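S.K.: If you scroll down you'll find the structure; I have some questions about it.
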Amino acid sequence: MDAVAVGLGLWLVPASGAALYYFALTLLGWTTRRPTADVAPHLHVTVLIPAHDEERTIPDAIRSVAASDYPADLLTVVVVADNCGDGTAAVARGLGAGCLERSDATRRGKGFALALGLDRVLDTPTDVVMVVDADCELSPVAVRRLVAALEAGADVAQSSVITRNPRVVPAGLIAGVGGQLENAVAAGLDRLGYPTGLRGTGMAFRRAVLEAHPWDAYGLTEDAEYAGRLRAAGVAVRFVLDAEVRSEAPPTAAAFGTQRDRWRAALFTPGFGIVHKLLSSKPLVLAHLAVTLAGVVAALPWLPTPAGEVAAVWAGALLLLTALPYLYAIRRGNYDTGGFVGLVKSVALTARLAVVTVGGRKRRVGGWQRTLRVAEAPARSGA
């Protein structure tokens with residue numbers, strides 16, 4: 001009996017550590033602020049937008065940059081139309097953006113588009129390069145806030161990323177809540193003085209950083225690859241909560257699974273420790289919690305009354321500690337849960353994502369792994 005109790009206690013410790021990690025950091029991130037001092041803009045910013053067949057989404061991205069609370073004469077937009085088969089380049093030029101067209105049948109993907117764009121942009125006298133995905137929109141103050149963080153001494157600044165279509169249940173709900181948690185954890189780490197990672201969009205780099213560390217990340221998770229390289233070189237990434245980039249969530253469960261399958265590659269990128277990688281994967285953390293709670297239920301009949309009561313209370317506290325950040329994220333984002341059916345679908349999709357994260361679903365190939373956009377989804381696409 002004693003051996004079962006000790007083993008169960010050891011079984012509960014890792015899950016409790018993960019729950020405390022998320023609870024403490026999200027609480028810190030949501031309740032405290034590390035304000036970014038506002039300064040008069042004087043640095044020139046080039047917003048680089050890599051794009052592959054994005055003629056439908058890129059107008060909103062470009063217009064959001066134009067609407068920024070930042071001097072127009074200090075702001076340039078450059079689109080890299082990479083292996084496009086549509087009118088992305090023409091649309092970008094029609095909206096006044098600079099456009100580089102790239103066609104290469106073998107070297108395809110966002111990483112290669114960024115390498116070309118950064119090489120060309122660094123031939124200009126720009127001071128800061130900001131990378132924004134073609135399906136994203138900047139908040140009006142995002143550029144100013146990120147530049148202010150760089151002015152305050154940061155070498156690299158990362159914006160928060162908010163889901164802009166959170167009412168698509170369950171994919172949009174999961175993406176929205178997950179984004180809220182990632183932003184809060186990053187804000188908590190930043191508040192404690194720890195560097196954070198890159199999110200692929202809303203990234204701002206000082207020119208000197210890109211010159212000292214030329215872009216060479218060409219995998220499926222190019223942001224994680226480059227972040228790992230910067231971390232190994234001692235270059236910290238500052239997280240700026242009050243700079244927001246709104247990103248489109250996948251409109252269907254299948255598209256969401258494909259996206260997460262691609263992001264799974266981040267678990268295997270160098271530069272970050274295994275504990276950091278595992279804690280950064282919410283599906284893995286939730287899967288571990290589910291297995292832990294199942295283990296507690298299975299062990300209860302074998303435990304004496306005092307130990308069984310302690311285990312039951314511990315498991316209940318663990319479940320509550322895990323649930324509270326998710327419940328607050330739903331409330332904070334004012335997300336539509338879809339009622340009981342929507343919540344059940346969300347739990348089921350989260351379980352699928354955990355399976356994808358653990359084992360993957362398919363052989364990953366190079367090139368653009370484009371996620372289905374809302375405008376491309378069937379009119380009545382069921383999640």
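S.K.: State, in angstrom, two size descriptors of the range 33-251 derived from its alpha carbons: Rg to one decimal place and Dmax to the nearest whole number.
M.R.: 16.3, 46
S.K.: Grab the Cα-Cα distance for Leu192 and Ala312, subtract it from 0.36 nm times how many residues apart they are, and report the gain in nm with one decimal.
M.R.: Working: separation 120, 0.36 × 120 = 43.20 nm, distance 3.33 nm.
Residue separation times 0.36 nm, minus the Cα-Cα distance, leaves 39.9 nm.
S.K.: Roughly how many Å is it from the Cα centre of the range 271-327 to that of the range 10-77, as a whole number?
M.R.: So the two Cα centres are separated by 31 Å.
S.K.: If amide H atoms are built 1.01 Å from N in the plane of the peptide, which residues on other chains or at least 5 residues away come under 5 Å of the amide H of Leu100?
M.R.: Hits under the 5 Å cutoff: Val79, Val80, Ala81.
S.K.: Considering only Thr221, Leu74, Pro195, whose Cα is most displaced toward the positive end of the charge dipole of the range 33-251, charges sitting on Cβ of Lys, Arg (+1) and Asp, Glu (-1)?
M.R.: Farthest towards the positive end: Pro195.
S.K.: Evaluate the range 33-129: find the radius of gyration of its Cα atoms, find its Kirkwood radius, and give the ratio Rg to Rh. Let's see the in-between values first.
M.R.: Working: Rg = 14.5 Å, Rh = 14.3 Å.
For the range 33-129, the value is 1.02.
S.K.: Label points 7 Å out from Cα along the Cβ direction at Val6 and Ala298: separation in nm?
M.R.: My value for the distance between the label points is 2.1 nm.
S.K.: Quickly work out the His276-to-Ala105 label distance, labels modelled 7 Å from Cα along the C-beta direction, and quote it in nm with one decimal.
M.R.: In this crude label model, Ala105 to His276 measures out at 4.0 nm.
S.K.: Normalise the Cα radius of gyration of the range 268-329 by 2.2 N^0.38 Å (N = residues in it) and let me know the number. Can you show the working numbers first?
M.R.: Details: Rg = 14.9 Å, N = 62, 2.2 N^0.38 = 10.6 Å.
Working it through for the range 268-329, the quotient is 1.42.
S.K.: What does the highest-first list of 315-322, 108-115 look like by mean Cβ count within 10 Å? Kindly include the intermediate steps, with their values, before the conclusion.
M.R.: Numbers: 315-322: 16.6, 108-115: 23.4.
Ranking the peptides 315-322, 108-115 by packing returns 108-115, 315-322.
S.K.: So for each of 116-123, 2-9, 197-204 I average, over its residues, the number of other beta carbons within 10 Å; can you give me the resulting order with the highest mean first? Write out the running numbers ahead of the final one.
M.R.: Working: 116-123: 17.1, 2-9: 14.0, 197-204: 24.8.
The most tightly packed comes first, giving 197-204, 116-123, 2-9.
S.K.: Label-point separation (nm) for Leu324 and Leu20, each offset 7 Å from Cα along Cα-to-Cβ?
M.R.: According to this spin-label approximation, the distance is 1.4 nm.
S.K.: So, one more: Cβ neighbours within 10 Å, averaged per peptide: list 327-338, 148-159, 60-71 in order, most packed at the top. Walk me through the intermediate numbers first.
M.R.: Details: 327-338: 15.8, 148-159: 22.1, 60-71: 17.8.
Those peptides, ordered most packed to least, come out 148-159, 60-71, 327-338.
S.K.: Further, regarding this structure: Subtracting the Cα-Cα distance from 0.36 nm times the residue separation, let me have the gained length for Ala66 to Val291 in nm, one decimal. Intermediate results must be reported in sequence, preceding the final value.
M.R.: Values: separation 225, 0.36 × 225 = 81.00 nm, distance 4.87 nm.
So the chain would gain 76.1 nm between Ala66 and Val291.
Values quoted throughout were computed directly from the atomic coordinates according to the rules given, and no laboratory measurement underlies them. Please read these numbers as outputs of a predicted model, since none were measured by experiment. A quick note on method: Cβ atoms are made from the backbone with ideal geometry, for glycine too, and the neighbour counts reach across all protein chains shown.
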